[in-house]
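The values are calculated or read from the model by the stated rules, or taken from the named source; none is laboratory data. Note that the structure is predicted; figures quoted are calculated from it, not measured. Cβ placement follows ideal geometry from the backbone for every residue including glycine, while neighbour counts extend to all protein chains displayed.
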Amino acid sequence: MAAPFAGYVALACAITWPLPRFLATRVLGPVSGDLGVYIWNLWIFRHELWRHGHLPVSTDHIFAYTGGADFSLHNYAPVAGALGAPLVSPLGVVGAFNAISLVAAVLTGMTMFLLARRLGLKPSSAWMAGALFIASPTLVSRDAVHFSLTLAAALPLFLWSLLRALDRCRTGDALLVGVTVALASYSDAYFGIFCILMGTFVIGWRFTAVRWEGRDPRMRVLVRVFDVVVGCMSAAIAWRLLHGPAFVMLGPMAIRFNTLYTPALVLLVSALTRAWLTWRPVPVLRTPAEGWAKWTRLGLVAVGTCLVLLLPALIGIGLRLATGRMPAATQFWRSSPRGVDLLSYVVPNPNHPWLAERTKYWLMPPGLDGFPEYVASFSLVALVVIALAATRASLPRLWLAFTGFFVLLSLGPFVHVAGVNTSLIGPWALLRMVPIVGLVRSPGRFAIVAVLGLSLLFGFALDELRRNGLHGRRRRALAVLVTVGLALELAPVPRQLYSAAIPPVYEKLGDVNESGRLLDLPTGIRDGASSTGDFSAATQYYQTAHRRPVIGGYLSRVSEWRRRRDNDDPMLRALFALSEGRPLPAGWREQAVTSRDAFLRASCLDFVLIQRWRAPAGLESFAVEALRLTQVHADRQHAAYRPVDPPPCERPLRPVRP
């Protein structure tokens, strides 16, 4: 195991180069983006555990005006916090975070290697499967923004433990399955749901079969009717794509298709019905030799273990439900988030130093978050190798079906091809209605599991090509050709690095006792789907230097209760509006000035810091007037103020360990 481990260490350093040279001072993405919050996640995990001496499942360091926040629905990645906590003292917060990024890549490669070996792959092919997974553009694109999605080691580890449990039928293996699902959930909030779907697919494949009844001669006329409907709908769609709105005549009735939705829906239902009438598949349960009672017991052990380990998050969710603070999760049929484009899997590496300028935004929807949210690129070299092996019909059907299923899920509720919404319904259109599973807001992230399956298929393809007549020089030539091709295609280096420096003013405002709170303007409430005001992730990151609780915050999901509570306060309501650059409606300014003492008593505000370089006009002057501030520091980009004669704080601050 030492050789594969060393290889993955070298690869992790190579695909992030030159980050290992600047471990303590640079990061892979701007701290004003999501990466700043992920660094803060690591810091607050250690800070709450060590400085405040309690489980790091909540904090009062953000949203200080409304009593803090719990992390039950935040993409907190406590696995990274636990791994990084011992590294903060010797390496600093940024150094520890970057070290964990490298460790995550190595562990993901190793767990892929273990899974591939369990599936019978040769050591070299298994190592290549792991290397392809961690170097895939789908994962590399996300390490600069969605850090938790690169903590993917738990996904192949879950499959490894599940296959082990299915083969050995032991209680200890069932316990391990539960542990890996909890580990996945604590790596990224979506990964636990991914494990549920992966496990359901693999178990369903193991214990079910399909019996094909064949066509019933009595249904011949009905089959012909559906043939006609499929042909008409296909013609209507083609006309709509080429010429715009289409008319279809059904006898004396004219049907106008302004969009593709109706003909695509009719086409899909008709085609599926026609296929069922032709083959008439009937699912059949395979009774295991051990009996269903034993498998039920093992399943309960796995589920029970997982639930016990997830208790901190489940308790937080339960308290949210009991107090009405659960974020809304309304599902819409036609306007829900889309998935990746079907052709995005064959887009040349969007991180490549030569190709990125041309391919980075291919097939991306409009919007600032298109990259990397909709990246699903896979190696073209690897796809060619898989295709060559597939012509021999030798790739395992389970992993072909597994990969195809998650590719379909990643396309979202409606399939997009070459930037066109075909309005064809994918399986996610139905699965998103399932409780818990529907919490996945971004179906494009299923591309990570699809790429995992493609990487395994690549390993199987290498083994197949080696077994069939490739010996000696031909085998070595294939290995060199594939390795060089992958290296040239997937190399993302040199990576663009961003400064992790914190403005000196935050150091000056720091307080080891965390006495008093900081209002960093512009401010607001931000989550993964919406924003009130204009809160920056950098504000949360800068807290790692000053340690004071801040007004406002940024979490993955924020409840409507919190938004209403903050907007009910006249001072915060005005500050949020001005942070967005909106003028204040009549009466808001006077109400804010009148509420000054009440706001200061409730907020325990000690300092107000203006980020002048991004503050809209009028925000600073309003804050100085409404809060009656006196300046204590000023430079070109920042101005720090303190309230004059503030009233006593009505909320005691938590004690901190010396």
Check your understanding: Listed residues W399, W354; which is more than 21 Å from the chain's Cα centre (by Cα), among the hydrophobic types (A, V, I, L, M, F, W, C) and in a helix (DSSP H, G or I)?
Key -> W399
Point to revise | Near pairs, Cβ below 6 angstrom, 6+ apart or cross-chain, from region 115-130 (under 16 Å from R168 (Cβ atoms)) to any residue that is in a helix (DSSP H, G or I) and of a type outside the set (A, V, I, L, M, F, W, C) | key: L115/P156
Practice item. Considering (1) farther than 30 Å from T422 by Cα; (2) in contact with a helix residue (DSSP H, G or I) (Cβ under 6 Å, 6 or more places away or on another chain); (3) surrounded by 12 or more Cβ atoms within 10 Å (Cβ to Cβ), say which one W212 fails and leave the rest. Key: (3)
Check your understanding: Yes or no: T422 under 26 Å from T359 (Cα atoms), of a type in the set (S, T, N, Q), not in a helix (DSSP H, G or I) and not assigned by TED's automatic domain parsing to the domain that holds L268?
Key -> yes
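Residue-by-condition table, conditions (1) hydroxyl-bearing (S, T, Y); (2) within 23 Å of the chain's Cα centre (by Cα); (3) closer than 20 Å to V375 by Cβ:
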position: R476; (1), (2), (3): no, no, no
position: L488; (1), (2), (3): no, no, yes
position: E514; (1), (2), (3): no, no, no
position: R517; (1), (2), (3): no, no, no
position: D520; (1), (2), (3): no, no, no
position: D527; (1), (2), (3): no, yes, no
**Study point:** Cβ-Cβ under 8 Å pairs, at least 6 apart or on other chains, region 575-591 side of a type in the set (D, E, K, R), far side surrounded by 15 or more Cβ atoms within 10 Å (Cβ to Cβ) and part of a helix (DSSP H, G or I)
**Key:** R589/A574; R589/F622; R589/A626
**Study point:** Of residues in region 257-289 being modelled with pLDDT of 80 or more and of a type in the set (S, T, Y), the one surrounded by the most Cβ atoms within 10 Å (Cβ to Cβ)
**Key:** S270
**Study point:** Output for region 258-300, where each listed residue is more than 36 Å from the chain's Cα centre (by Cα) and among the charged types (D, E, K, R)
**Key:** R274, R280, E290
Exercise for review: Tally the residues that are among the hydrophobic types (A, V, I, L, M, F, W, C) and exposed (fewer than 13 other Cβ atoms within 10 Å of the Cβ), restricting the search to region 351-383.
Suggested key: 2
Exercise for review: Consider only pairs whose beta carbons are under 7 Å apart and that are at least six residues apart or on different chains; among these, list those whose first residue lies in region 506-528 and is on the phi > 0 side of the Ramachandran plot and at pLDDT 85 or above and whose second residue is surrounded by fewer than 17 Cβ atoms within 10 Å (Cβ to Cβ) and assigned to a strand (DSSP E or B).
Suggested key: G524/S531
Revision key, fill the gap. By residue number, the members of region 464-523 that are hydroxyl-bearing (S, T, Y), in contact with a Gly (Cβ under 9 Å, 6 or more places away or on another chain) and assigned to a loop (DSSP other than H, G, I, E, B) are T523
Exercise for review: Pairs only if they're at least six apart or on different chains, beta carbon under 7 angstrom, first in region 626-637 and in contact (Cβ under 8 Å) with a residue 24 or more places away in the chain, second of a type in the set (F, W, Y) and not in a strand (DSSP E or B); list them, first residue then second.
Suggested key: Q637/W613
Revision key, fill the gap. Of the residues in region 550-580, those that are outside any helix (DSSP H, G or I) and more than 20 Å from G33 (Cα to Cα) number 3
Review point. Take the residues of region 192-210 that are part of a helix (DSSP H, G or I) and of a type in the set (G, A, S): which is nearest to G291 (Cα to Cα)?
Key: G204
Practice item. Go through (1) touching a residue at least 12 places away in the same chain (Cβ under 8 Å); (2) of a type in the set (A, V, I, L, M, F, W, C); (3) not in a loop (DSSP other than H, G, I, E, B) one by one and return the number of the condition V375 breaks. Key: (3)
Point to revise | Residue check for R475: of a type outside the set (V, I, T), surrounded by fewer than 22 Cβ atoms within 10 Å (Cβ to Cβ) and without any contact (Cβ under 8 Å) to a residue 24 or more places away in the chain | key: yes
Point to revise | Any hit, region 175-191, residues being among the β-branched types (V, I, T), free of Cβ contacts under 8 Å to residues at least 40 places away in the same chain and either in a helix (DSSP H, G or I) or outside the structural domain of W295 (by TED's automatic domain parsing) (or both) | key: yes
Check your understanding: Mind checking whether some residue in region 211-218 is in contact (Cβ under 8 Å) with a residue 12 or more places away in the chain, part of a helix (DSSP H, G or I) and not small (G, A, S)?
Key -> no
Revision key, fill the gap. The lone condition E590 fails out of (1) of a type outside the set (F, W, Y); (2) closer than 17 Å to G524 by Cβ; (3) surrounded by fewer than 17 Cβ atoms within 10 Å (Cβ to Cβ) is (2)
Review point. With respect to L307, is the statement that it is modelled with pLDDT under 85 and part of a helix (DSSP H, G or I) true?
Key: no
Review point. Quick check, is T391 modelled with pLDDT under 90, surrounded by fewer than 17 Cβ atoms within 10 Å (Cβ to Cβ), under 22 Å from L486 (Cβ atoms) and of a type in the set (V, I, T)?
Key: yes
Check your understanding: From the set of residues in region 558-578 that are surrounded by fewer than 17 Cβ atoms within 10 Å (Cβ to Cβ) and among the acidic types (D, E), which is nearest to S595 (Cα to Cα)?
Key -> D568
Exercise for review: Name every residue in region 593-627 that is surrounded by fewer than 19 Cβ atoms within 10 Å (Cβ to Cβ), in contact with a strand residue (DSSP E or B) (Cβ under 8 Å, 6 or more places away or on another chain) and assigned to a helix (DSSP H, G or I), in order of residue number.
Suggested key: V624
Practice item. Would you check if F446 is part of a helix (DSSP H, G or I), surrounded by 17 or more Cβ atoms within 10 Å (Cβ to Cβ) and out of contact with any Ser or Thr (no Cβ under 7 Å at 6 or more places or on another chain)? Key: no
Point to revise | Residues that are over 15 Å from L454 (Cα atoms) and part of a helix (DSSP H, G or I), drawn from region 109-136 | key: M110, T111, L114, R117, R118, P123, S124
**Study point:** Filter pass, Y361 being of a type outside the set (G, A, S) and modelled with pLDDT of 95 or more
**Key:** no
Check your understanding: From the set of residues in region 358-372 that are in a helix (DSSP H, G or I) and free of Cβ contacts under 8 Å to residues at least 60 places away in the same chain, which is farthest from the chain's Cα centre (by Cα)?
Key -> R358
